[in-house]
Amino acid sequence: MAPPAWRRWPWLALNGVQLGFTLFWTAGWICLALLLHALSGGARRLPLRMASRCWAPGLLGGAGARLEVEGLERVDWTRRYVLVANHESVIDICALFRAVPVPLHFLLKQEMAQVPFVGWYARAMGMVFIPRDNRRAATASLRRAADLVRGGAILCVFPEGTRSRDGGVAPFKPGAFQAAIDAGAEVLPVALEGAGAVLPPEGAFRVRPGTIRVRFGAPLPLAGASGPYDRQALAERARAAVLALLRGA
């Protein structure tokens, strides 16, 4: 049975304030980041670190989210990686920006390029947009993603292709793993837990306090004893690693 309407009003009012804060906080920090990007002649490191150290902590705090990070000691952050994570909520991006101790890039769906502020920032930072309905354009985007990683960037991919509606982890699409193969970068599995409860993937903006856990696994090599893995095999191994992390293994 749904709670009485009067009990929902305080939450609706609070969520309205949180939504306003989210929009203004995001627009303000992106404007500052883009200004510094322009004044520095196109340098990206500082604007990317602003996302990690200023923007993301503010949004997590505004949502009442407590971040727990596990497994950082398993990773040599001087190496190149393609991070692959399950996807519960839009707040996943905040959690990953905050948890990863080096500048982070994302492979984003093409629609994000049209979002004011967020799309402008992502494009200026060299992030890659991938169309979901044009195979040739998607292949070109994956080539750009591989070039980005070859140049030393850490790239994060959500290989399910969309946010989970039920908390499960859908099969990983193999295409995104081509960027890791082409760049010669190890695949780093990352498990996100609790983000969907803090900010559900469906419905109106509805935030509830909670804990978001980010668990890093051991990097996965691109080859085994019998030779290199193809992208389907990498996708299956990465999904199995993420599921194990979600089980606490």
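Below is a table of values for the structure above.
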read-out: Test for GLY20: is it under 30 Å from PRO221 (Cα atoms) and of a type in the set (Gly, Ala, Ser); value: no
read-out: Matching residues, segment 44-97, being over 16 Å from ILE154 (Cα atoms) and either free of Cβ contacts under 8 Å to residues at least 12 places away in the same chain or of a type in the set (Lys, Arg) (or both); value: ARG53, GLY61, ARG66, GLU73
read-out: Count of residues meeting criterion [among the small types (Gly, Ala, Ser), surrounded by 19 or more Cβ atoms within 10 Å (Cβ to Cβ) and touching a helix residue (DSSP H, G or I) at 6+ places or on another chain (Cβ under 8 Å)] in segment 176-207; value: 7
read-out: Test: residue in segment 123-144 that is at pLDDT 95 or above, hydrophobic (A, V, I, L, M, F, W, C), out of contact with any strand residue (DSSP E or B) (no Cβ under 6 Å at 6 or more places or on another chain) and surrounded by 19 or more Cβ atoms within 10 Å (Cβ to Cβ); value: yes
read-out: Within segment 160-187, tally of residues that are more than 12 Å from LEU234 (Cβ to Cβ), under 17 Å from the mean Cα position of the chain (by Cα) and among the aliphatic types (A, V, I, L, M); value: 2
read-out: Residue within segment 89-108 that is among the hydroxyl-bearing types (Ser, Thr, Tyr) and modelled with pLDDT of 95 or more present; value: no
read-out: Scan of segment 21-43 for residues that are surrounded by 13 or more Cβ atoms within 10 Å (Cβ to Cβ), without any contact (Cβ under 8 Å) to a residue 40 or more places away in the chain and not aliphatic (A, V, I, L, M), ordered by number; value: TRP25, GLY28, TRP29
read-out: Which listed residue, of ILE30, ILE91, is within 30 Å of ALA204 (Cβ to Cβ) and within 15 Å of the chain's Cα centre (by Cα); value: ILE91
read-out: Selection from segment 98-127 of residues that are touching a residue at least 24 places away in the same chain (Cβ under 8 Å) and of a type in the set (A, V, I, L, M, F, W, C); value: ALA99, VAL100, VAL102, LEU104, PHE106, LEU107, PHE117, VAL118, TRP120, ALA124, MET125
read-out: For ALA65: the one exception among (1) surrounded by 16 or more Cβ atoms within 10 Å (Cβ to Cβ); (2) among the aliphatic types (A, V, I, L, M); (3) under 14 Å from the mean Cα position of the chain (by Cα); value: (3)
read-out: Helices (runs of 4 or more DSSP H) (entirely within segment 142-249) containing at least 2 residues that are in contact (Cβ under 8 Å) with a residue 60 or more places away in the chain and not aliphatic (A, V, I, L, M); value: 231-246
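The values are calculated or read from the model by the stated rules, or taken from the named source; none is laboratory data. Just so we're clear, the structure is a prediction, and the values are computed from it rather than from any experiment. Ideal geometry is used to build each Cβ from the backbone, glycine not excepted, and the neighbour counts take in all protein chains shown.
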